[in-house]
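Reviewing the structure listed below.
The values are calculated or read from the model by the stated rules, or taken from the named source; none is laboratory data. As the structure is a computational prediction, the values presented were derived from the model and not from experiment. Don't worry about glycine lacking a Cβ; one is built from the backbone with ideal geometry, like all the others, and counts go over all protein chains shown.
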Amino acid sequence: MSKILVLSAHGTQLDRRIVAETNVLAASGRDLILVSVPTRLSAEGLDPRVRVVVEKSDSFESPSVARRLAKRLPAGLYDAAQSVWYRFGEGPSPHNTAYFLRNAPGDCYDAIHCHDLKTLPAGAAIRERCCPEAKLVYDSHEYFPFQSANRSFQRYWTRIERRAIAEADLIITVNESIAREMADLYSVARPRVLYNSYGAGSSGTALSENEFLSYFRAPPGDGAKVLFQGNLSLNRNLKNLVAAFPRLRGRARLFLLGDGSERAALERLCRRKRIGNVHFGPWAPQDRLLDFVRAADVGVIPYQGGRLLNNRYCTPNKLFEYIEAGVPICASDLPELRRIICECGIGGVYPMNSPGEIARALSDCLSRRERKEFAAESFASARDRFSWRTQAAKLLEWYEELGV
């Protein structure tokens, strides 16, 4: 039986991609040990055969007191503080490596699966220390150095990724654009692509109109149901999305399903502008998420590319959840969103840089839906192409190629 060490530095909640991949490998008969920084395990949980090693939160030391205090600063000052410590090489990588070296059982592994760049140097160090014959798998969930506009952050993580990626026997990432960028930047073999389509839950019971509206405390009303589900955070163009809806009064209503740092600001914007066709609902239970998505008429992805390459090349989880639910998608005209949505014929992509552009985009997408331009057959084909069943088979095939 192959023994695999899985490393995760996702500190808020264990990423669903990690849960899905780890469960697939465990179900295949491999022996899995997951070592994670202190985190909240997902409600669905891991396969019970997976051994989990997590330090207690109260025993986990953050990199420095200064960094903890800096996180309480306003965004502009925090960015300046980040620049200083990244410029002088004081990023978190050595701290992360020390954590995993301290907590990883000193077994002989056949493979070490590193989720995201924060764990890759640690995986290489563990291999060198206890199992030099192990295969090193680098699973990059995003274009990691370019998730921030901070140049010091970018240089710091690019330097680490350039050095560590050369050690990997298998490189995996989330879409074709990021795979191409990584291959070009680091002169490595093109990474394999494993999409974030690991399957949201569904009870199998359709939500009634009343159940859907009650969840958002929304009254009955006219207009199509436009859904944005996920984290209500910065850099997601949500203020422009909300501000578009006075122009769509009577035509559409927006339902924001989730929570996050921007929710209070978005609610204030609705009160200040008297926007009555925008409604908020808390996170849906994972086993009901697809039930909510299926109850919508259109799913929206308003992200902007800008200078952040990680945003420009995004393929967010909600893209695949909309596909699974068979809901037409209205999205920003970004490379991967255009490639998937337009190739599959399951929605439209548009400029979304202002409330006016978003309102026009949604109006056009809704008209196309009413004309039945988005066929059920197109969604069936997209589901087959991007389903987690298809992705899981690829992951197992790659592990077979490694001989693990």
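Odds and ends about this structure:
- Once the stretch 124-157 is narrowed to residues that are under 26 Å from residue 181 (Cα atoms) and among the basic types (Lys, Arg), the residue that is modelled with the highest pLDDT is 135.
- Count - residues of the stretch 297-312 that are small (Gly, Ala, Ser), in contact (Cβ under 8 Å) with a residue 12 or more places away in the chain and surrounded by fewer than 22 Cβ atoms within 10 Å (Cβ to Cβ): 1
- Picking from residues in the stretch 21-51 that are small (Gly, Ala, Ser) and surrounded by fewer than 21 Cβ atoms within 10 Å (Cβ to Cβ), the one that is modelled with the lowest pLDDT is 43.
- Of the residues 253, 247, 236, the single one that is surrounded by 15 or more Cβ atoms within 10 Å (Cβ to Cβ) and within 24 Å of the chain's Cα centre (by Cα) is 236.
- Sole residue being of a type in the set (Val, Ile, Thr) and either farther than 30 Å from residue 180 by Cα or not assigned by TED's automatic domain parsing to the domain that holds residue 217 (or both), chosen from 327, 300, 293: 293
For every residue, the table says whether it meets (1) polar (S, T, N, Q); (2) over 25 Å from residue 15 (Cβ atoms).
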| position | (1), (2) |
| --- | --- |
| 196 | yes, no |
| 207 | no, yes |
| 213 | no, yes |
| 219 | no, yes |
| 247 | no, yes |
| 274 | no, yes |
| 281 | no, no |
| 288 | no, no |
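- The residue that is nearest to residue 323 (Cα to Cα), counting only those in the stretch 336-373 that are among the hydrophobic types (A, V, I, L, M, F, W, C) and surrounded by fewer than 22 Cβ atoms within 10 Å (Cβ to Cβ), is 344.
- Helices (runs of 4 or more DSSP H) wholly inside the stretch 313-404 containing at least 3 residues that are in contact (Cβ under 8 Å) with a residue 40 or more places away in the chain and touching a Gly at 6+ places or on another chain (Cβ under 6 Å): none
- With respect to the stated conditions, residue 263 is within 15 Å of residue 230 (Cα to Cα) and either out of contact with any Leu (no Cβ under 9 Å at 6 or more places or on another chain) or surrounded by fewer than 18 Cβ atoms within 10 Å (Cβ to Cβ) (or both).
- Annotation note: of 275, 301, 340, 323, the sole residue that is at pLDDT 95 or above, within 23 Å of residue 222 (Cα to Cα) and within 17 Å of the chain's Cα centre (by Cα) is 301.
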